[in-house]
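The values are calculated or read from the model by the stated rules, or taken from the named source; none is laboratory data. Everything numeric in this text was worked out from a predicted model, so none of it was measured. We place every Cβ from the backbone using ideal geometry, glycine too, and count neighbours over all the protein chains shown.
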Amino acid sequence: MKTVVIVGTYKGVLVLRSKAKAQEWDAGEFLFKGWSVTCSARDTGGRYYLGVTHEVYGTTIVLSDDLENWRQIEQGPAYDGKSEGNADHMLVARQASNVRQVDQIWKLLCVGKRIYAGVSEAGLFYSDDRGESWHGVDGLNSYQGRDTWEAGFGGLCVHSLLFDANNPARMWCGISAAGVFRTDDGGDTWQKKNDGVYSPSPGFCVHSLAHDPANADLIYRQDHNGMYLSRNGGDQWTYIQDGLPIGSAQDQACVFGFTCEMDQKSNSVFVLPLEGDSYRFPHEGKLKVFRTRDEGQTWEALSTGLPQQHAFVNVLRGAMSVDGHHPCGVYFGTTSGTVYASADCGDSWNSLVRELPRIQSVEAYSV
């Protein structure tokens, strides 16, 4: 099995292809120069999707069936142009209008024949025709309490999506900075799922979520103010921070970080703690990934091959992925433009490419 890794950056996208499972790589052409690429996905038919944004031309989705020929869809996810937007988000997004708009696509997720798009200003859309047309999930987009949602540093966005492989009506989304929401009826209604999570403000700034869709009730949650686990689908959360380096966020001692990723075959969960929300770089400038294989009871530091001095970089929420091989390949990209890879479930690392623009997303696909 080979791997395709799609690296989305602030100024374009790079497609990396392995020759022999994460050992040798061909680097393709750097595409969509000048466009911000925030996420990617692949459906069961092998079609690839990119969420892209341009300061002048706006936000849309492009797709390809061969990773070489790309086309822009005619109409991407969009609001009706009548609803008032969130004032804090509009300041972050530098919008002149007070109408709710789709200004970024933060997450694409394929579930069977349906593809979902999590966007900012925070909302959820779906397509049942392989990305050609999009429809809003009204239960979330018109959520009664959304006027109380707070925008995070990156705006008010739906950035994490999980689904239940055993119950297609059940789904979760992470919204910065409103927290985690779950639907049990296919998106018609949504419930807040933040009990047990510390927050010094009314909002809950979840950074990323991970789980195994076949064991959907067990969810890992990297928050602004700590690392959490739920065993009941988000109804209750508990800290799983023992063994992780403690930093600070909003004057609280906690595990701060952005990314969280799970390999389903090995039951391994990977996180990358940072020194705190005021610094947003690894502790002591030493780049380390941490792994748990026992649901957060113990964590081990994985640093072989990673820089252990002067690594003052950030790793954003969408910038880590696993490829599903056995042992799994793990990939992450930094804000300084380096992609690191491990072919042995994180035990050792090497750099695949350097000097890219700021990396916003990394997605790995087994082919």
(request) Residue by residue through segment 116-142, note down the ones that are out of contact with any helix residue (DSSP H, G or I) (no Cβ under 9 Å at 6 or more places or on another chain), crowded, with 20+ Cβ neighbours inside 10 Å and under 15 Å from Ala169 (Cα atoms). (result) Tyr116, Val137
(message) Given the condition in contact (Cβ under 8 Å) with a residue 12 or more places away in the chain and in contact with a helix residue (DSSP H, G or I) (Cβ under 6 Å, 6 or more places away or on another chain), answer yes or no: does some residue in segment 156-177 qualify?
(response) yes
(request) Just need a number here: residues in segment 120-132 that are touching an Asp or Glu at 6+ places or on another chain (Cβ under 8 Å) and not in a loop (DSSP other than H, G, I, E, B). (result) 1
(message) Go through segment 22-34 and report how many residues are surrounded by 22 or more Cβ atoms within 10 Å (Cβ to Cβ) and either closer than 22 Å to Asp103 by Cβ or at pLDDT 90 or above (or both).
(response) 0
(request) Under 6 Å between Cβ atoms, at least 6 apart or on separate chains: pull out the pairs that start in segment 216-239 with a residue that is free of Cβ contacts under 8 Å to residues at least 40 places away in the same chain and end on any residue that is acidic (Asp, Glu). (result) Asn232/Asp217
(request) Could you look through segment 63-115, keep only residues that are in contact with a Phe, Trp or Tyr (Cβ under 7 Å, 6 or more places away or on another chain) and among the small types (Gly, Ala, Ser), and pick out the one that is nearest to Cys173 (Cα to Cα)? (result) Gly76
(request) Please work out which residue is surrounded by the fewest Cβ atoms within 10 Å (Cβ to Cβ), limiting yourself to segment 148-183 and to residues that are at negative phi and in contact with a His (Cβ under 7 Å, 6 or more places away or on another chain). (result) Leu162
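Select, from Gly186, Gly145, the only residue that is loosely packed, with under 15 Cβ neighbours inside 10 Å and farther than 25 Å from Ala249 by Cβ.
Details: Gly145 fails: farther than 25 Å from Ala249 by Cβ.
That would be Gly186, the only listed residue that is loosely packed, with under 15 Cβ neighbours inside 10 Å and farther than 25 Å from Ala249 by Cβ.
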